[in-house]
Amino acid sequence: MEPIHDSLIDFVGGAPVPGSLDVRWIHGSPSKRRNTDPKIQVHAYDPHTFILRQSKTVSFEAPFLYLLFGNERALLLDTGATADPELFPLRETVDGLLAQWLVQHPRSGYELVVAHTHGHGDHVAGDGQFTDRPATRVVTRDADTVRSFFGFGDWAQETVRFDLGGRVLEVIGSPGHHEAAITVYDPRTGLLLTGDTVYPGRLYAPDFTAFTATLDTLVAFAESRAVTHVLGCHIEMTRRPGRDFPFGATYQPDEAPLQMTVTQLTVVRDAAASVAGRPGVHKFDDFIIFNGPCTSALPKLFARALASKLRLSLAALIPRNGHDR
């Protein structure tokens, strides 16, 4: 049955429309006992675009998820790091947002597409919450399914369109971090959603040749579009240039902003090109590049994480009158 629309929303005129990133993201607590963060934070960028963040108390990964509404369907991009709906009520949260949106914009036959920026476990764990949901398509994580669903012909050399019903997204194959990684551009808001390819944190690039080619593609793409913000799926950098939070951190006060600029995207591209012949870990002001598997760096990464957890555990034993929220 064709969807029945009470009123079609114009997702084209006047784009990109303004949105709000005036938000303090939940960033964990020094003690689980004193945690007051919700399991999922929901922020309305605009009435048809929502950004969700998973609590660091539930998973230290604390990924960001994106929910975009069109006239005929909505797209949920990523499902987080936790499968258990009791710990991470993603389906309940998304259903609530869909119901609220449909009250304001009544229509029948409305669909939900669940897809992913890439297939790593902290972005697909909640898929099972949607497997029995009516009028829902869950796009599995494997590269062949991703390419087939979005209609790619020449993977990583082609931009394809995905229509939510008047809100036509542009999807770019973006391998390097993961073989099935994509980047999604929304002309309506100007948001460029880059997953784990570009974000203020540790950029892991096991296939560095593909990674640098993807960055070249993204910079060229962004220079030809009205990009308002580059939004990835994590924050791992502090506001101190070149300083990240320890791996596995469950408390991240004074985080760097989630949003990056096209200028910063270009800096990532140039930085990656500058270290292309040097496997290993390379620190820059707003991000850290891991060129290749970097197995020799893992012991130091885990040791720093362990030391950080020990400091937090000791601090939790000391009575305090308050703590940073």
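The values are calculated or read from the model by the stated rules, or taken from the named source; none is laboratory data. This one's a predicted model, so the numbers in the text were calculated from it and none came from an experiment. Reconstructed Cβ throughout: ideal geometry from the backbone, glycine too, with neighbour counts over all protein chains shown. Keep in mind that these areas ignore ligands, DNA and RNA; they rest on the heavy atoms of the full protein, side chains included. Shrake-Rupley method; radii C 1.70, N 1.55, O 1.52, S 1.80 Å.
Couple of notes before you dig in:
- When the helices of the chain are scored as -39500 (n - 2.57) per DSSP H run of n ≥ 4 and the total is divided over every residue, the value at 222 nm lands at -7000 deg cm²/dmol.
- Helices assigned as whole DSSP H runs in the chain whose Cα atoms extend at least 24 Å along their own long axis and whose mean Kyte-Doolittle hydropathy is 0.5 or higher are found at 298-316.
- Pairs of Lys residues in the chain are counted when their Cα atoms are under 17 angstrom apart and they lie 8 or more places apart or on different chains; the count is 6.
- Entry note, the chain: relative contact order of 16 percent, from Cα contacts under 8 Å with a spacing of 6+ residues.
- Environment charge of ARG269, counting only residues whose C-beta is closer than 12 Å and scoring Lys/Arg +1, Asp/Glu -1: -3
- ASP216-LYS32 pseudo-label distance in nm [points 7 Å out on the Cα-to-Cβ vector]: 4.7 nm
- In this simple spin-label model, placing a label point 7 Å from the Cα along the Cα-to-Cβ direction at both VAL12 and ARG107 gives a separation of 1.5 nm.
- With every protein chain in place, region 132-254: carbon and sulfur % of accessible area (1.4 Å): 47 percent
- Solvent exposure, largest accessible area first (probe 1.4 Å, DNA, RNA and ligands not counted), of LYS300, LYS39: LYS300, LYS39
- For the pair ARG225 and ALA135, the difference between a 0.36 nm per residue extended length and the Cα-Cα distance amounts to 29.2 nm.
- Annotation: extensible slack from ALA83 through LYS300 equals 75.2 nm (criterion: 0.36 nm per residue apart, minus Cα-Cα distance).
- Gain on full stretching of the segment that runs from ARG239 to GLU170 - 0.36 nm per residue minus C-alpha separation: 21.7 nm
- Pairwise FRET efficiency - THR263 versus GLU92, Cβ, R0 = 25 Å, nearest 0.05: 0.05
- Charge-dipole axis of the chain as Lys and Arg at +1 and Asp and Glu at -1 on Cβ define it, positive-most pick from GLN100, GLN41, PHE130: GLN41
- Solvent-accessible area per residue in the chain equals 43 Å², computed with a 1.4 angstrom probe and all protein chains kept.
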